[in-house]
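The structure under discussion appears below in the form of structure tokens.
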Amino acid sequence: MKQFVIIGCGRFGSSVAKTLYRAGYNVLAIDRDEDTIQEVSEYTTHAVQMDATDESSLRSLGIRNFDVAVVAIGSDIQSSILITLMVKEMGVKYVVAKALDELQGKVLTKIGADRIIYPERDMGVRVAQNLISVNILDNIELLSNYSVFEIVALKEWIGKSLQDLNLRKKYGITALIIKSGDKVTPLPESTAILKENDILIVLGNKDDLKNFDIV
């Protein structure tokens with residue numbers, strides 16, 4: 001099971017932490033404010049009050065063992081940059097960093113952040129869902145219950161036709177487009193065979209995403 005560390009538990013960070021925790025993941029929350037830590041402790045696996053810019057304290061928590069770090073400190077640019085750099089150097093595989101503007105985002109990318117989040121454009125809940133759903137590349141919400149989303153063909157789908165997979169019956173989704181390299185096939189026939197790295201654009205109920213073995 002993936003382990004997540006959320007550094008900075010303001011509105012954005014706490015939203016990510018809460019969503020991940022409710023999805024059943026191990027979540028470590030770090031913030032320098034004691035009141036904030038008390039609030040998030042109810043919906044995290046562990047909550048620690050500390051200054052995350054202190055390298056020795058951060059290292060003592062075993063940060064290198066976490067799969068994903070979310071650096072949710074945007075307003076303190078210096079701390080954001082320093083912490084992003086440290087967690088990357090400590091060996092965290094995937095680092096998501098919050099930025100207030102494009103310039104800060106470019107700096108964070110330069111020092112190793114794998115993904116930059118701009119709060120004005122990304123809701124914390126959606127970010128958390130994307131972190132969990134590693135095969136889902138993007139999604140477009142249509143109605144309250146349905147989305148159009150992109151998904152990388154699962155390993156067990158390779159070499160099988162849409163008819164064989166019976167996606168609608170098994171997963172509750174309908175394939176609208178198949179993208180295979182530069183080739184795009186809209187409304188594919190049921191005989192279409194999926195290949196490695198194919199991307200499907202599908203329509204489905206958001207609750208049906210839970211049917212995918214994507215973690």
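A residue that is closer than 19 Å to Gly112 by Cβ and among the charged types (D, E, K, R) cannot be found anywhere in region 43-53.
Conditions (1) farther than 13 Å from Ile6 by Cβ; (2) of a type in the set (A, V, I, L, M, F, W, C), marked per residue:
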site	(1), (2)
Asp33	yes, no
Thr36	no, no
Leu82	yes, yes
Val87	no, yes
Glu102	yes, no
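Within region 85-111, residues that are touching a residue at least 40 places away in the same chain (Cβ under 8 Å) reach partners that are of a type in the set (Lys, Arg) with beta carbons closer than 8 Å, at six or more positions or on different chains, in the pairs Val92/Arg64.
Which residues, counting only those in region 59-80, are more than 13 Å from Gly8 (Cα to Cα), buried (at least 18 other Cβ atoms within 10 Å of the Cβ) and without any contact (Cβ under 8 Å) to a residue 60 or more places away in the chain? Residue satisfying the conditions is Ile63 alone.
Does any residue of region 131-144 turn out to be outside the structural domain of Asp101 (by TED's automatic domain parsing), over 23 Å from Lys18 (Cα atoms) and either at pLDDT below 90 or among the aliphatic types (A, V, I, L, M) (or both)? Among the residues of region 131-144, at least one is outside the structural domain of Asp101 (by TED's automatic domain parsing), over 23 Å from Lys18 (Cα atoms) and either at pLDDT below 90 or among the aliphatic types (A, V, I, L, M) (or both), which makes the answer yes.
The values are calculated or read from the model by the stated rules, or taken from the named source; none is laboratory data. Because the structure is predicted, anything quoted here is derived from the model rather than measured. For neighbour counting, all protein chains shown are included, and Cβ atoms are generated from backbone atoms with ideal geometry for every residue, glycine included.
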